[in-house]
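Below: the structure, in structure tokens.
The values are calculated or read from the model by the stated rules, or taken from the named source; none is laboratory data. Note that this is a predicted model, so its numbers are computed, not measured. Glycine gets a Cβ as well: all are built from the backbone with ideal geometry, and neighbour counts include every protein chain shown. Protein only, heavy atoms only, side chains kept; ligands, DNA and RNA dropped before computing areas. Shrake-Rupley method; radii C 1.70, N 1.55, O 1.52, S 1.80 Å.
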Amino acid sequence: MRWAVTLSATSSAIFLAGTALAQPVPSSIRPELRPVTETVSRAETLLPVVVANTTVARPQARPAVLASQASVPAEDSKANAGFQRWIDGFRGRALSAGINSATFDRAFQGVRYDPDVIKRDRNQSEFTKTIWEYLDSAASDSRVSNGKDALRAHDRVLTAIEAKYGVEKEVVVAVWGLESNYGTFRGKNDVVRSLATLAYDGRRGEFFEGQLVAALRILQSGDTSPRNMTGSWAGAMGHTQFIPTSYLDYAVDFTGDGKRDIWSDDPTDALASTAAYLSRFGWTKGQPWGVEVRLPGGFDYATANRKVTRSPGQWANLGVVGVDGKPVPNHGAASILLPAGGQGAAFMIFKNFEVIERYNAADAYVIGVGHLSDRIGGGAAFQAEWPRGDRALTFSERQEMQRRLTAAGFSTQGVDGKIGPKTLEAVRAFQQAQGLTADGYASLSLLKQLR
């Protein structure tokens, strides 16, 4: 599972300039700023996306470079010397946390500083992709077809997992599809090396040191071996990309072989662990993540807010109906989500949307998982058009928008380049003051008006 991210993939992601914001989700299984790019083919890569205040940038799977495989450039020698001193200091902290010396020494044998990890970590904020581009790839025809094939190939075990945890098998397969393209891109980076490099770097040192200790506990338990513990450059592991702390808390041994094996070619434990995780956070079987809806003329866009919940019947009384023109069935309290403002698709979202957010808090990711699961189950593609003439704002443009909004009297409470709740509130206020549709869509045209 991914770390709480800035969807800029990843995958957890992650996002999208102007996307309706998902509220921050506590206890996310994703690490901050981690990548997702796993696809049906290399030509169909899910690039990192920038959305709301969450970033998901999934890394391209690539082999770890071990010390024996490449010479160390001169500029890295100093880093390696400092890195070794850090390892020496960390060893004492790890042993104090209950890691035995034999486990530690095996885990760090041959481990060197990885400058590529730091480059990837630093370069995420500029990656941008619109929500429709993300969804085009997330629920592409080939990904849907491959998902149906995966569902058939693993039907017996997926049916047993659904029976035990109460999470529809299509949803589990959809997570698998977005996280590792059904196991074909699980990541080949040495997790100990990546996490140690990130912890040594210090920018988010405390977080990654905690993940590294958790990784050592996994090794100490005997679930896998140090060099078999591979994953993304940011340390997410296996078929469905668990970070170490989430693995310790939620991974399960569904095969009954005594190991929670999410790394091998057999995806059983990984799929069961994903279902166990979603179940743990309140998945309701039979309830959709969301439903595409049509909005009436004169819709009050101020009500398209995660804090505003009504029953589907109440929404129908206000003119919000399904794309078939009928009231949405009563699946419980729901909010209206407009990921591209009033110019794109509209969704009525339910409690299960929040559960998927626990996996990755970016709206684009949640919609991607939900829509892919629907399509795998035989559902139709979205009917609404997207504002495809728009492009995502760059990181510097998002910062500029925040500065200009604040200068115009609509404070964003800071300039961080993330289109979060405060920025969306400021956008709505500016739009309202200008007599525009107050849908909170932070577009390039809005930035031009601010200029």
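Annotations
- Probing with 1.4 Å while keeping every protein chain in the model, the per residue accessible area of region 367-417 equals 46 Å².
- A DSSP coil position with no more than 14 other Cβ atoms inside 10 Å describes the following GluC sites (Glu not before Pro) in region 346-449: Glu385.
- Peptide ranges 218-226, 345-353 listed from the most packed, as the mean C-beta count within 10 angstrom indicates: 345-353, 218-226
- With every protein chain in place, region 157-283: carbon and sulfur % of accessible area (1.4 Å): 46 percent
- Inter-part distance, region 132-189 to region 370-402, computed on C-alpha centroids, equals 20 Å.
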